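Below: the structure, in C-alpha cells.
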Amino acid sequence: MKLFERYDDSLRPPAPVVTVVVANPVNDLRAEVKAYVDTGFSETLLLPEEYYDKLSLMLTEFDEDCYAVHGGFFPARLKIVIVFIELNGFRKLIKAYVHPYLRKALLGRGVLNMFYLYLKGPEKVLELEVP
Amino acid sequence: MEIEISRYHYILVFVNFIVGKRGVFLRNIDEEVYREVKARAALLGITVSEAVNMALREWLRKPVVGVKGKRDYLKDLAERLASKYYEEGRKGFLVVVSEREYYLCSSIEECVVLLRRLYREKKIKRSIIREVKPKSVRFIEVGGGGIEVI
C-alpha cells in the first residue's frame, strides 16, 4: 500500500517528512512523530528529548556509548532506546536515538532503506511504499 | 585516555561558541574558563574565536576512549555483569531492573517480552538493556549539518 505525504512547507525550501507512530513496547504509550527524511543520517530514528519522558522510554533504555556528529564536528551524547516504529501497516522493533538538543525528529537510512521512496519535488509530495 | 566530564563540558561550550556565529543561543558557559581563555588570547594577540579553534583542533587530534558521566548504579551493574558474563563466554542481552534483579535474554525481542511482564506486575520504573560484549564508543553521522538542532 502506498502512502502520500506533503512536504513541510514551513521550511525553505520545503522538506520531505514522514509521519510515523513511535510506541514504547513495554507500556504501549504511543506518539505520532513528524520525522524529516535525512539520507545523511546513518541510523534509524533520531528523536528529540521530549519523547523520552512522554513515552517513558527509560523503561527500554539500551546501554551503549553513542555520539551524534553534526556537520562533521559537533558531538552530542545520545540515549539509545528500544521502540516500535509503525508506518502504513509496517511495524518493527528498532533501536532509536534520543538527542538532547534536537528539535526536529529525523528518519535515517536505517529505516528509509526498508521502503520504496519517491520524492515528487515539483508537487512537494513524498510517496512511500512498504514492499 | 579518559576525559573528565568537566573538560567535555567545556569543549561543548567552545563548540557552541563557534556554532553561535550562526545564531545559536549560548548557555552554561563557565565564566572562569571563558575569562581565562579571553586573557590568554589577549596575551597572545589573537581573538577568542581563534583560541577556541586552536583548542578544538588540538582536542580533535586526540583519540576519545570514553567520557565519565554521572554515576548510574543500573549502568554500573550492567557493566560489571556484562564483563563477567563475557569472560565466562556467555552471550545475549542483559536486562538490569534493580540492584538485585537482572536477567539474561537471548534477543532484544525476548528482553521486551520480559520487561512487559515486569511492568504489568508493577516491578519496574526503569531498566537498562546491555549486550554482553566489551563496550565501545560509537559515532554516528547526522546529515543536517547542525540545522536540525536550531
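Observations on the structure shown:
- Restricting attention to chain A, close to 85% of DSSP beta bridges with both partner residues there are antiparallel.
- Estimated from helices alone, the mean residue ellipticity of chain A at 222 nm is -1000 deg cm²/dmol (sum of -39500 (n - 2.57) over DSSP H runs with n ≥ 4, per residue).
- Cα-derived Rg over Rh, computed across the range B:73-131 with Rh taken as Kirkwood radius: 0.96
- Each residue of the range A:58-64 was assigned a 3J(HN,Hα) from its phi angle through the Karplus curve 6.51 cos²θ - 1.76 cosθ + 1.60 (θ = phi - 60°); the sequence is 5, 6, 10, 6, 9, 8, 7 Hz, with glycine and proline shown as x.
- Dimensionless Rg over Rh [the range A:16-131; C-alpha; Kirkwood]: 0.96
- The label point for B:Asp30 and the one for B:Ser83, both projected 7 Å from the Cα toward the Cβ, are 2.7 nm apart.
- Here the range B:73-131 is treated with +1 on each Lys and Arg Cβ and -1 on each Asp and Glu Cβ, and its dipole about the Cα centre works out to around 340 debye.
Since every read-out is calculated from the coordinates, none of them should be taken as a lab result. The model shown is predicted, which means the values in this text are computed figures rather than measured ones. No Cβ is skipped: glycine too gets one built from the backbone with ideal geometry, and neighbour counts run over all protein chains shown.
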